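> Mind looking over this structure? Questions follow.
The values are calculated or read from the model by the stated rules, or taken from the named source; none is laboratory data. Since we're looking at a predicted model, the values are computed, not measured. All Cβ positions, glycine included, derive from the backbone under ideal geometry; neighbour counts span all protein chains shown. Ligands, DNA and RNA are excluded from the accessible area calculation, which covers all protein heavy atoms including side chains. Shrake-Rupley method; radii C 1.70, N 1.55, O 1.52, S 1.80 Å.
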Amino acid sequence: MDIEGMARGRGGRFVAAVALAAVAAAALAACSTDAADQKVIDRLFKMDVLAVPPGATVMSRTSSKGGGNSAIRNASSVTLVYATTQTPAEVGNRFHAGFDPTWHFKDNGAVDLGGWRASGGPGPDPDAEPDTVADVTARRVMSADKAPAGTQSVVTVSVSATRPA
């Protein structure tokens, strides 16, 4: 009987079992972070800043899970794109009038000529929605946009947040 060969065989099975256990543990951890990321996305979709204004047409809604692990938490995000008959400046005025008390939007000059952009975080209690930010861009409609007649702006609202630790 080849005892040395049997030992090598058992050792190989032990290494395989340890590797399988590590893969299973990683898969379980990924499931829990995946579920936590989905909770963040569900919360983001309900935020008032993502409400489509009356008369606007939704062009797309997307979400992205942050991923990572228990130590590294990447931000999950939700993005809404809609077409509106408002000009970019009117979109900016509407966002400031409607959301400044709760989002504290600050205008950002890094935008195409004739457009409007702002970023903000929820408040007045910063702990109410921790690690949550929004970015809003309104640009003039382009011929390549599949927007309804009368559209003056295409608005993109992106909200992101990291899952709780």
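> Ignoring ligands, DNA and RNA, please state the percent of accessible area on region 70-145 from carbon and sulfur, probe 1.4 Å. List each step's numbers first, then the result.
Details: 2230 of 4100 Å².
It is 54 percent, rounded to a whole number.
> Then there's this: What's the center-to-center distance, using Cα atoms, between region 40-84 and region 102-165 in Å?
If we compute the Cα centre of each part, the gap is 11 Å.
> Something else now. First select every other residue whose beta carbon is under 13 angstrom from the beta carbon of Thr162; then total the charges, Lys and Arg +1, Asp and Glu -1. Before the final figure, lay out each step's value.
Working: positive: Lys39, Arg43, Lys65, Arg73, Arg163; negative: Asp37, Glu129, Asp131.
Surrounding charge for Thr162 is +2.
> Continuing with this model, one more query. Before I look further, what does region 27-99 give for accessible area per residue, probe 1.4 Å, in whole square angstrom? Intermediate results must be reported in sequence, preceding the final value.
Values: 3820 Å² over 73 residues.
That works out to 52 Å² per residue.
> Based on Cβ point charges of +1 for Lys and Arg and -1 for Asp and Glu, what charge dipole magnitude is obtained for region 96-165 about its Cα centre, in debye rounded to the nearest 20? Spell out each step's value before the answer.
Details: 6 positive and 9 negative charges, 79 e Å.
Here the size comes out at about 380 debye.
> Listed highest first by mean packing, meaning other Cβ atoms within 10 Å per residue, what order do 152-165, 49-62 come in? If you can, show how the numbers build up before the last one.
Values: 152-165: 19.8, 49-62: 13.5.
Descending packing order for the listed peptides: 152-165, 49-62.
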